[in-house]
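Notes to accompany the following structure.
The values are calculated or read from the model by the stated rules, or taken from the named source; none is laboratory data. Not measured: the values here are computed from a predicted model. Don't worry about glycine lacking a Cβ; one is built from the backbone with ideal geometry, like all the others, and counts go over all protein chains shown. Ligands, DNA and RNA are excluded from the accessible area calculation, which covers all protein heavy atoms including side chains. Shrake-Rupley method; radii C 1.70, N 1.55, O 1.52, S 1.80 Å.
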Amino acid sequence: MRTIRSICVYCGSREGRDPAYRQEAALVGAGLAARKISLVYGAGGIGIMNVVADAVLKGGGVAIGVIPRHLAAQELKQDGLTETVLVDTMHERKQIMFERADAFAVLPGGFGTLDEFFEMLTWKMLDLHRKPIFLVDSAGYWAPLAGLIDHVIAKGFAGPETRDMIKIVSGAEGLLTAITGLKVESGPKHQARLG
Ligand code: AMP
């Protein structure tokens, strides 16, 4: 085990309707920079993902963006990421974001964010990795998702252990408290690749 060095943040390419989403995203970015935890994300210059990245950079932190070439024209953040990794496909993007992160944080977002969340959860269910997954609930945004997860388990389509594979935290403060000094696994499982 070693202390966390990087976290992959999944979140919206839009800002959503409640200003709390943006405010919490900025606090997450500032908090990562202050803790010297690198941000790994989809390299977007739009939505609340841009708010997180801007706050990381403003705080002197490290922001690593991973983006497919075909999305770069629409989404790529133009100013000052610490490192931009250009890839050919969405699958390659997800794989690299996965490999470069010690943990995952899911802030409010849309269907792209949900896709990324469920992929990390299902890979964990298949024991392809054991990295922590934090569902960051800003202004109650993820309450329906938490309810859906409990429903799927209650109705017998996933085991009760699935619930322990996710930690629901309250806003930026909840996330930052949970990851401060967090010990993560190193070794083969930590770098698992899809078969
Ligand atoms: P969204 O949460 O829908 O705003 O999407 C957040 C990010 O996820 C976007 O910046 C996209 O690059 C990415 N994304 C969108 N759709 C998908 C998808 N089907 N699979 C994986 N990533 C996606």
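So in region 52-71, with the set limited to residues that are away from the ligand (no atom under 13 Å from the Cβ) and among the β-branched types (V, I, T), which one is surrounded by the most Cβ atoms within 10 Å (Cβ to Cβ)? Ranking the candidates gives V56 first. Counting only residues that are open to solvent by less than 80 Å² (accessible area, probe 1.4 Å), outside any loop (DSSP other than H, G, I, E, B) and under 21 Å from L126 (Cβ atoms), how many does region 164-181 have? Final tally of qualifying residues: 1.
Pairs are defined by a Cβ separation below 9 Å, a sequence spacing of at least 6 or placement on different chains, a first member in region 73-96 that is closer than 19 Å to F118 by Cα, and a second member that is modelled with pLDDT under 95 and open to solvent by less than 70 Å² (accessible area, probe 1.4 Å); the pairs so defined are M90/L71; R93/L71.
Take the conditions (1) in contact with a Leu (Cβ under 9 Å, 6 or more places away or on another chain); (2) touching a residue at least 12 places away in the same chain (Cβ under 8 Å); (3) within 11 Å of the ligand (Cβ to nearest atom); D102 misses just one of them, which is (3).
For region 79-99, residues that are within 15 Å of the ligand (Cβ to nearest atom) and farther than 24 Å from S138 by Cβ total 12. Among the residues in region 107-129, are any open to solvent by 50 Å² or more (accessible area, probe 1.4 Å), basic (K, R) and more than 22 Å from I46 (Cα to Cα)? Among the residues of region 107-129, not one is open to solvent by 50 Å² or more (accessible area, probe 1.4 Å), basic (K, R) and more than 22 Å from I46 (Cα to Cα), which makes the answer no.
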